[in-house]
Amino acid sequence: MIENLVIVESPAKAKTIEKYLGKDFRVVSSFGHIRDLKKKNLGIDIENDFAPEYEIPKEKTKVVAELRKAAAQSKNIWIASDEDREGEAIAWHLASVLDLDLETTRRIVFHEITKDAITNAILNPRKVDMNLVHSQQARRILDRIVGYEISPVLWKKVQPSLSAGRVQSVAVRLIVEREREIIAFKSESSFRVNGIFMTEKDKSDSNLIRAEAAKKFPDENEAAKFLELCAASEYKVSSVTVKPGTRSPAPPFTTSTLQQEAYRKLGFSVSQTMTVAQKLYEAGKITYMRTDSTNLSKLALAKSREVIVAEFGEKYSKTRQFRTKSKGAQEAHEAIRPAYPDVATISGNQNEKRLYELIWKRTIASQMADAEVERTTISIEMNNSPVLFSATGEVVKFDGFLKVYSESTDSEHGEEEKAIIPPVKAGMPLFYETITATQRYTTPPPRYTEASLVKKLEELGIGRPSTYAPTISTIQKRGYVMRQDRPGMKRQIRIITLSKGKASVSVKTEIAGKEKSKLFPQDIGMMVNDYLVESFPEIVDYNFTAEVEEQFDRIAEGKLKLTGMLEKFYNSFHKTIENALEKKVKKSGVRFLGNHPETGEPVSVKMGRFGPVAQIGDTESDKKPRFASLARNQLLETITLEEALNLFRLPRSLGMHEGEEMVVGVGKFGPYVRYNGKFYSLKKGLDDPYTITAQRAVELIREKEESDRKKIIKDFGDIQILNGRYGPYITKDKKNYRIPRGDDAEKLTKEECMAIIEKTDKNKA
């Protein structure tokens with residue numbers, strides 16, 4: 001008989017908790033949810049107050065059987081799933097499946113996996129909170145209804161095997177709308193004037209002032225005229241303003257701010273951040289990582305103060321309690337912090353160490369004194385022009401929290417370093433060293449990164465801490481959005497430099513539009529978005545989606561009934577579905593680009609069965625239409641006639657190699673070189689099928705042949721022994737056979753291989 005059985009969600013968490021509990025406790029894992037809505041049909045009884053129909057998935061039957069056996073042998077059962085709505089739902093499912101009495105079953109929660117937290121939880125058990133369960137059910141049911149009813153409409157009206165989701169579709173809409181802003185954006189150039197001034201005629205590093213003219217000039221001619229005035233002008237300081245200021249630290253991490261900052265500082269994807277954070281939590285190193293609270297416990301505040309005073313001194317300490325500003329904040333958790341604030345470094349893999357260090361620094365910095373700065377602004381006037389130059393500088397008088405941590409921003413260009421300005425007074429004459437007019441171009445709004453998308457979703461009140469990572473992963477897996485790097489384009493800019501009374505013009509090449517880990521909408525994502533906006537405007541409406549989240553919050557608080565909320569939503573939603581099915585409109589994305597300059601045939605683009613394609617000709621003509629797949633970075637709505645025609649250059653011949661022709665083309669699995677009856681894939685992101693040379697094609701062929709030679713250990717004709725990812729194996733008739741442990745692959749004969757094959761086939765039968 002087991003005295004006390006504790007059920008948690010993950011085996012790693014179970015292992016950690018078991019260290020803190022005595023021999024009278026056994027800790028087991030449910031491995032997450034043990035049941036879910038039925039996969040077949042809707043899994044919801046609409047007519048019976050939207051009653052969910054649950055089932056135990058096949059892969060969970062063994063886990064459930066083991067839990068039932070352990071529960072039957074236990075005197076006391078404690079359910080210790082995570083302290084959020086999903087965790088509460090897991091607790092309720094466990095109680096239901098294991099036939100536990102909800103009135104007597106002990107539900108325990110803790111925000112950190114420490115001995116004190118777990119002991120306190122054991123001493124203060126509670127009941128399963130059915131309001132939280134109903135809130136989770138409402139989300140799961142509503143999302144199932146949306147996905148189940150909209151997806152078939154997409155299959156009929158857009159393309160088979162598509163899906164929609166209440167949060168994922170809104171996320172795609174944000175990305176699509178941003179892309180169209182960028183497409184519509186018209187870049188304009190102007191000239192920005194910057195000067196380097198000296199307090200004395202002799203130049204030194206200590207007397208330089210870098211300033212910018214308050215006016216931008218529309219073209220080179222106007223900029224040149226202004227520099228003529230600058231050459232003839234005298235300069236003096238017109239005003240000096242010195243203001244003391246302070247900088248305050250950022251609050252401790254919530255789920256979304258951790259995802260954003262881990263992306264900016266560590267380059268982690270949102271899902272990577274959550275995976276690493278989960279491991280840290282389960283190992284007892286940080287507090288619960290799904291939270292929208294910035295609150296810290298009294299113990300954490302006290303421990304943080306001890307660390308700061310011991311390490312930096314009393315003047316660096318300033319205890320703060322931050323208030324959560326997040327729209328719809330729901331959980332009664334702490335912020336994400338180290339379980340033990342006095343532990344600055346941990347053991348573990350490199351990613352765990354880096355993320356822990358980030359969390360530790362942010363937590364400690366939040367409890368440190370403001371940084372004290374002195375900001376100086378000076379204005380420089382000309383005697384022959386009303387245009388002023390201005391310079392700003394900043395000096396840190398006391399570093400405060402900056403000694404430990406400084407928050408990053410989403411700025412495309414990062415923060416400009418503020419220069420130190422030498423001592424000056426109003427009326428003081430200045431002398432220019434150089435004045436430069438540089439051509440600059442306006443830039444479109446930036447594409448979303450995973451981090452900035454999370455920030456935007458949070459601002460709009462869409463989704464919750466637990467949904468950001470799976471939402472972003474889903475829209476990428478569906479092919480609606482792709483995370484990409486793009487190299488940018490070379491662009492020439494003109495520069496006019498004034499030095500020693502003479503102006504000179506130079507041309508510089510810069511890279512414009514370079515993108516790093518940005519989210520780009522794909523054609524199918526744009527088509528799905530357009531159809532949803534047209535047919536289901538309410539579902540992809542930002543305010544509606546945020547309102548639904550608020551309704552889930554009200555259910556969690558016991559202020560709103562689940563059935564009433566679902567009924568109100570479903571009645572109007574189902575009518576919209578029926579209306580959409582009745583319409584005969586089908587989205588194909590067809591766009592006419594013009595006529596072929598030589599043949600006069602129509603040229604168009606559309607969404608084909610296997611992706612976006614360009615088409616020359618039509619079905620009404622006797623001549624069979626020709627098709628070509630769009631390149632990776634091309635979109636149906638922006639591709640030009642010239643670009644589309646260029647696609648039909650493939651397949652193209654690259655010449656001969658050892659008596660055989662090399663042909664480059666694009667197939668179902670991407671671009672390739674065909675040679676001697678075999679196909680050699682081009683390197684993704686490196687090789688372009690339209691520009692690849694014969695020399696590069698030969699390199700690819702030789703690389704593949706060398707790889708194949710290394711792969712083949714022995715070749716008996718119909719039987720081969722090959723090197724695989726997990727070691728040597730035998731292949732025959734497109735079937736693979738494992739080589740028994742201890743057998744030397746290089747010494748096997750054909751007869752021995754046949755014996756292994758026959759034995760394996762016999763065992764399978």
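No lab work stands behind these numbers, since they all come straight from the coordinates. Small disclaimer: the values here were computed from a predicted structure and weren't measured. In this analysis, Cβ positions are derived from the backbone assuming ideal geometry, glycine residues included, and neighbour counts consider all displayed protein chains.
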query = Where the convex hull is taken over the Cα atoms of the range 108-214, what is its projected area averaged over directions, in nm²?
reply = 18.6
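Would you mind calculating the relative contact order of the range 135-235 from Cα pairs under 8 angstrom and at least 6 residues apart, reporting the percent as a whole number?
Details: 67 pairs, mean separation 17.7, N = 101.
After rounding, I find 17 percent.
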remark   = Taking only the alpha-carbon positions of the range 2-128 as identical scatterers, the Debye log10 I(q)/I(0) at q = 0.12, 0.21 Å⁻¹ comes out as -0.46, -1.25
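How do T545, T497 rank when sorted from fewest to most other Cβ atoms within 10 Å of their own Cβ? Working shown, then result.
On the way: T545 22, T497 15.
Starting with the residue having the fewest Cβ neighbours, the order is T497, T545.
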Label-point separation in nm, K38 to Q695, each point 7 Å along Cα→Cβ = 6.6
Calculated over the range 591-647: convex hull of Cα atoms, volume per residue (Å³) = 77
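For a footprinting-style exposure proxy, rank D370, D743, D99 by other Cβ within 10 Å, fewest first.
Details: D370 16, D743 13, D99 9.
In order of increasing Cβ crowding within 10 Å: D99, D743, D370.
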key: Cleavage-rule hits, trypsin sites (Lys or Arg not before Pro), the range 268-325, DSSP coil, Cβ neighbours within 10 Å at most 10   = R323, K325
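Give the dimensionless ratio obtained when the Cα radius of gyration of the range 652-712 is divided by 2.2 N^0.38 Å. Walk me through the intermediate numbers first.
Working: Rg = 11.1 Å, N = 61, 2.2 N^0.38 = 10.5 Å.
Ratio of Rg to 2.2 N^0.38 Å for the range 652-712: 1.05.
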Globularity index of the range 378-519, i.e. its alpha-carbon radius of gyration over 2.2 N^0.38 Å = 1.55
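Counting every Cα pair in the range 237-375, what percent are over 23 Å apart? All intermediate terms of the calculation are to be shown ahead of the outcome.
Working: 3582 of 9591 pairs.
When every Cα pair of the range 237-375 is considered, 37 percent fall beyond 23 Å.
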inquiry  = Which three extents, in angstrom, do the Cα atoms of the range 716-764 have along their principal axes, listed largest first?
reply    = 24, 23, 20
key: Reported label for calculated semi-axes √(5λ) of the Cα gyration tensor in Å given (i) 42, 38, 22; (ii) 51, 44, 30; (iii) 48, 33, 24   = (ii)
task = Work out which chymotrypsin sites (Phe, Trp or Tyr not before Pro) in the chain are exposed loop sites (DSSP not H, G, I, E or B, at most 12 other Cβ within 10 Å) and give the longest gap free of them.
result = 186-609
inquiry  = Beyond 12 Å, how much of the Cα-Cα pair distribution for the range 68-107 remains, as a whole percent?
reply    = 56
message = Place a point 7 Å from the Cα of N579 along the Cα-to-Cβ direction; which residues of the range 511-553 have their backbone N under 18 Å from it?
response = 530-542, 544-545
note = A correct Stokes-Einstein calculation for the range 585-725, using the alpha-carbon Kirkwood radius, 10 °C and 1.306 mPa s, returns a whole-number D in µm² s⁻¹ of 91
task = Tabulate in residue order the Karplus-calculated ³J(HN,Hα) for the range 481-489, using 6.51 cos²θ - 1.76 cosθ + 1.60 with θ = phi - 60°, rounded to whole Hz; enter x for Gly and Pro.
result = 9, 10, 8, 9, 9, 10, x, x, 10
Sum of -39500 (n - 2.57) over DSSP H runs of 4+, divided by residues of the chain (222 nm, nearest 500) = -11500 deg cm²/dmol
query = Which distance in nm do the two modelled labels at V395 and D618 give, with both placed 7 Å along the Cα-to-Cβ direction?
reply = 7.5
Under 12 Å from the V507 label point (7 Å along Cα→beta-carbon), backbone N, the range 478-492 = 491-492
note = Under 5 Å from the placed amide H of L630, counting only residues 5+ away or on other chains, we find V613, A614
key: Fewest-first ranking of T392, T254, T443, using other Cβ atoms within 10 Å as the exposure measure   = T443, T392, T254
remark   = Counting only DSSP loop positions in the range 546-591, the trypsin sites (Lys or Arg not before Pro) whose Cβ has at most 13 other Cβ atoms within 10 Å are K559, K583, K584, K586
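Calculate the tail of P(r) for the range 184-298: the fraction of all Cα-Cα distances greater than 22 Å, expressed in %. Display every interim value, and only then the final one.
On the way: 4216 of 6555 pairs.
Counting pairs separated by more than 22 Å, the tail of P(r) holds 64 percent.
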message = Given R₀ = 51 Å, what would the calculated FRET efficiency be for K514 paired with S297, taking r from the Cβ atoms and rounding to 0.05?
response = 0.70
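Before anything else, pin down the relative contact order of the chain: Cα pairs under 8 Å, at least 6 apart, normalised by residue count, whole percent. Provide the component values of the computation, followed by the final result.
Numbers: 1321 pairs, mean separation 89.2, N = 765.
Over the chain, the number comes to 12 percent.
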